[in-house]
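Below: the structure, in structure tokens.
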Amino acid sequence: MRLRDVQDLIAEGESTQVEFKRSTGTIDAAARTVCAMLNGSGGHVLIGVRDDGTLHGQEVADSTRRDIARELDKIEPQVVIEPEY
């Protein structure tokens, strides 16, 4: 996904297919949202965006990637999800 695509999603705001999370501090909630979207018609969870659509940013270290992968691995049945950073 290109930066412009992300900006367009943010500009449209949250919906049943787009959810904003301020940081990975809420990764468990983000994973639950991913699971719900998988059971629905799909969507995007954008981490580093405030509820009002303001970009907050998120430092993405190797430990952050591992934390995200660990939470997504909890979803059953297992699915292939490829996070973009």
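The values are calculated or read from the model by the stated rules, or taken from the named source; none is laboratory data. This is a predicted model, so every value here is computed, not measured. Quick note on the areas: whole protein, heavy atoms, side chains included, nothing else; ligands and nucleic acids left out. Shrake-Rupley method; radii C 1.70, N 1.55, O 1.52, S 1.80 Å.
Please give the per residue accessible area of the chain, computed with a probe of 1.4 Å over protein heavy atoms only, in Å².
Result: 70 Å² per residue.
Can you give me the % of accessible surface on the chain that is carbon or sulfur? Probe 1.4 Å, all protein chains present, nothing else counted.
So the carbon and sulfur contribution to the accessible surface is 47 percent.
Helix-only estimate, please: 222 nm mean residue ellipticity of the chain, summing -39500 (n - 2.57) across DSSP H runs of length 4 or more and dividing by its residues, to the nearest 500.
Value at 222 nm, helices only: -12000 deg cm²/dmol.
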